[in-house]
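S.K.: Provided herewith is a single structure, encoded as structure tokens, for subsequent inquiry.
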Amino acid sequence: MASTDEKDSDFKGRCSYCNTNVGRDKVKTCSRCRLVRYCSKECQVASWKTHKPRCTPRDSYAQDPTSHALNTALSRWINNWRDQLHTWSMWAFDLANHPPDRLATHCFVIELERRLNPPTPAHSFTLHGGGVESREGLIERLREIDAASDDTVACINERRGNDTAQIIVLCDDLIRFLWFSLRDGGASFRSHDQALSRAMATDWVSDLRDAIDTGDPASSKNHIMRAALRAMPLPT
């Protein structure tokens, strides 16, 4: 029998919509692409609006093995890093120093590059860049590179209120959208010490790049220690 830690880290038992880990025997895989899983019919229906534009039939990849390999690798990488991406996004949003509608007006964006011959799925990509961007600004940036389809714009503009964060992963011509709701509506992050919250939002891109390069999601804790040192008042 798997331990609790093993169960929690098993991405094949997680719902791609609500991120709840219900175990492999209880999730249902999308029959069309076979890449995402849901814990219930309700989550599958709720996810369809944003999943549909990127739900490519599995058989279609037979003619494009390169795209299939990239798509599969990205799915596995996201599943390994999903929980940490949630954490990093909240650090980057710096809710303690921004208006209450921060999550409704902005999104957390990271840009990845494929790594050659990765030793594990968690090493499959490196971080090229990232930022917290306004939805309008991101759409404009994607339009400049002719990557803002109607479906993409609709997904970016899908706002789920002030207590739900949106993560957008860009990799070559692939775009992935992740959402997660804060259990307490974001109150714990908004009530953080402002100096520490600001420090957590400083240099997060370089620290996340370092964490991703290790291939170990647990290495993200190093950012907390660095931020704590930055937030300490200078001796007088």
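S.K.: THR20's amide H: which non-local residues (gap 5+, or another chain) put their own amide H closer than 5 Å, with H modeled 1.01 Å from N in plane and none for Pro or chain starts?
M.R.: HN-HN under 5 Å from THR20: CYS15.
S.K.: Going by Cα centres, the stretch 58-118 and the stretch 196-236 are how many Å apart?
M.R.: The distance from the Cα centre of the stretch 58-118 to that of the stretch 196-236 comes to 19 Å.
S.K.: Taking R0 as 30 Å, what's the FRET efficiency between GLU113 and ASP184 from their Cβ-Cβ distance, rounded to 0.05?
M.R.: Between GLU113 and ASP184 the formula returns 0.30.
S.K.: Going 7 Å from the Cα of ASN222 toward and past its Cβ, which residues in the stretch 196-211 have a backbone nitrogen under 18 Å from where you end up?
M.R.: Residues 200-211 fall inside that zone.
S.K.: Can you pull the accessible area of THR72 for me, 1.4 Å probe, Å² to the nearest 10?
M.R.: 20
S.K.: How much accessible area does THR20 have with a 1.4 Å probe, in Å² rounded to the nearest 10?
M.R.: 60
S.K.: Can you pull the one-decimal nm distance between simple spin-label points at ALA231 and ASP25, each 7 Å off the Cα toward Cβ?
M.R.: 4.3
S.K.: How much of GLU140 can a 1.4 Å solvent probe reach, expressed as accessible area in Å² and rounded to 10?
M.R.: We get 90 Å² for GLU140.
S.K.: Moving on. Any idea what the relative contact order of the chain is, in percent, if you count C-alpha pairs under 8 Å spaced at least 6 apart?
M.R.: 19
S.K.: Follow-up question, since we're still on this one. Can you classify the stretch 88-167 as rounded, prolate or oblate using the Cα gyration tensor, where a ≥ b ≥ c are the square roots of its eigenvalues, rounded means a/c under 1.5, and otherwise it's prolate if a/b beats b/c and oblate if not?
M.R.: Here the stretch 88-167 falls in the oblate category.
S.K.: Given axes a ≥ b ≥ c from the Cα gyration tensor, I'd like to know whether the stretch 156-236 is rounded (a/c under 1.5), prolate (a/b larger than b/c) or oblate.
M.R.: The shape class here is oblate.
S.K.: Going from most exposed to least, what order do HIS223, HIS106 have by accessible area with a 1.4 Å probe?
M.R.: HIS106, HIS223
S.K.: Now for a different question. So what is the calculated 222 nm ellipticity per residue for the chain, using -39500 (n - 2.57) for each DSSP H run with n of 4 or more, over all residues, to the nearest 500 deg cm²/dmol?
M.R.: -12500 deg cm²/dmol
The values are calculated or read from the model by the stated rules, or taken from the named source; none is laboratory data. Remember, it's a predicted structure, so these values are computed and weren't measured experimentally. Counting neighbours? That spans all protein chains shown, and the Cβs are built from the backbone with ideal geometry, glycine included. These accessible areas exclude ligands, DNA and RNA; they are computed on the full protein's heavy atoms, side chains included. Shrake-Rupley method; radii C 1.70, N 1.55, O 1.52, S 1.80 Å.
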